[in-house]
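Working notes for the structure below.
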Amino acid sequence: MVIIKKKSRSADSVEKVYEKVKGMAIDYYFRPGERVNEVELAAQLGVSRTPVREALNRLAKDGFMNFVPNRGFYSRDLTPEGVRELYEVRMVIEQSTFRFACLRATDEEIAMTTAIWEEVSQHRPAQTEQDWAKIAEIDERFHMEIARISHNSRLYEMLDSLNSLSRFFRRIDLETPVRRNNAYDEHVEIIAALRQRNIEKGVVLIEQHISLSAEHAVEVTKEGLARIYFGKP
């Protein structure tokens, strides 16, 4: 019994370290391309190097870190091409989850999903930084709920992973004037298509909603780098 408890505590410690370091990686606490000092990170978190190393290995598999043999772990890069690729993959997955949600979800599931965003839209427009941070969270939850009612666990897991990788950019994207003006209306149209189970229309709407032009990817990247190196103005 003692051994089982020790193993349980050890596993719990690793999971906590992983979630903590993952949160740091999501927000680019580690600057793009920066080598992660495992000793300093372990000291900062008040743990040994073992759970830190396990967390970094998992994060490398998740796409947040790059591992270079004999050199260590490095934070993921931040480039317009990388940002655009994340949005392209997310778009394809969300088109699939929308399609399956239309085919498989019950009317009650669709109603509960649409209520997530409709509750937010009643308080439009959001003006402050805190408002848009909250909108970004609810936007992600709304899209994840569509994935849930698609009843495809693999697609759900893939989208959850992509959301973590793109959360930093999603917040920035939603704060830009163009996205502010379009976010509410686009969601209303997607909701209408979901209620009608109109797959063709919904797939087109999701492409328009998620796709990121090359120019906008550059803008998001520039703003992201400015925040990482100079802080938010």
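The values are calculated or read from the model by the stated rules, or taken from the named source; none is laboratory data. Values in this document were obtained by computation on a predicted structure and should not be read as measured data. For neighbour counting, all protein chains shown are included, and Cβ atoms are generated from backbone atoms with ideal geometry for every residue, glycine included. Remember, those area values only see protein heavy atoms, side chains included, never the ligands or the DNA or RNA. Shrake-Rupley method; radii C 1.70, N 1.55, O 1.52, S 1.80 Å.
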(request) Within segment 28-67, work out how many residues are open to solvent by 70 Å² or more (accessible area, probe 1.4 Å) and either among the basic types (Lys, Arg) or touching a helix residue (DSSP H, G or I) at 6+ places or on another chain (Cβ under 6 Å) (or both). (result) 8
(request) Please specify each residue of segment 195-215 satisfying the condition of being farther than 18 Å from residue 92 by Cβ and not acidic (Asp, Glu). (result) 195, 196, 197, 198
(message) Looking at 103, 159, can you tell me which residue is modelled with pLDDT of 90 or more, assigned to a helix (DSSP H, G or I) and loosely packed, with under 15 Cβ neighbours inside 10 Å?
(response) 103
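Which residues, taken from segment 184-218, are hydrophobic (A, V, I, L, M, F, W, C), closer than 25 Å to residue 81 by Cα and without any contact (Cβ under 8 Å) to a residue 60 or more places away in the chain? Show your work before the answer.
Step one: filter segment 184-218 for residues hydrophobic (A, V, I, L, M, F, W, C), giving 188, 190-194, 199, 203-206, 210, 212, 214, 217-218.
Applying the additional criterion that residues be closer than 25 Å to residue 81 by Cα yields 203-206, 210, 212, 214, 217-218.
Passing the criteria: 204, 205.
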(message) Can you tell me which condition residue 70 does not meet? The list is (1) on the phi > 0 side of the Ramachandran plot; (2) in contact (Cβ under 8 Å) with a residue 60 or more places away in the chain, and all the others hold.
(response) (2)
(request) Spot the failing condition for residue 217; the list is (1) surrounded by 14 or more Cβ atoms within 10 Å (Cβ to Cβ); (2) under 24 Å from residue 146 (Cα atoms); (3) under 20 Å from the mean Cα position of the chain (by Cα), and only one is missed. (result) (2)
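Can we say residue 185 is assigned to a helix (DSSP H, G or I) and open to solvent by 40 Å² or more (accessible area, probe 1.4 Å)? If you could, list the steps in order and put the result at the bottom.
Numbers: assigned to a helix (DSSP H, G or I): yes; open to solvent by 40 Å² or more (accessible area, probe 1.4 Å): yes.
The answer is yes for residue 185.
Can you tell me which residue in segment 68-100 is nearest to residue 150 (Cα to Cα), limited to those that are among the acidic types (Asp, Glu) and open to solvent by 60 Å² or more (accessible area, probe 1.4 Å)? Give the steps one after another, and end with the answer.
To start, the set of residues in segment 68-100 that are among the acidic types (Asp, Glu) comprises 77, 81, 85, 88, 94.
Still in the list and also open to solvent by 60 Å² or more (accessible area, probe 1.4 Å): 77, 81, 85, 88.
Details: 77: 32, 81: 29, 85: 23, 88: 20 Å.
That would be 88.
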(message) Among the numbered criteria (1) among the basic types (Lys, Arg); (2) more than 26 Å from residue 24 (Cβ to Cβ); (3) in contact with a helix residue (DSSP H, G or I) (Cβ under 6 Å, 6 or more places away or on another chain), which one does residue 154 miss?
(response) (3)
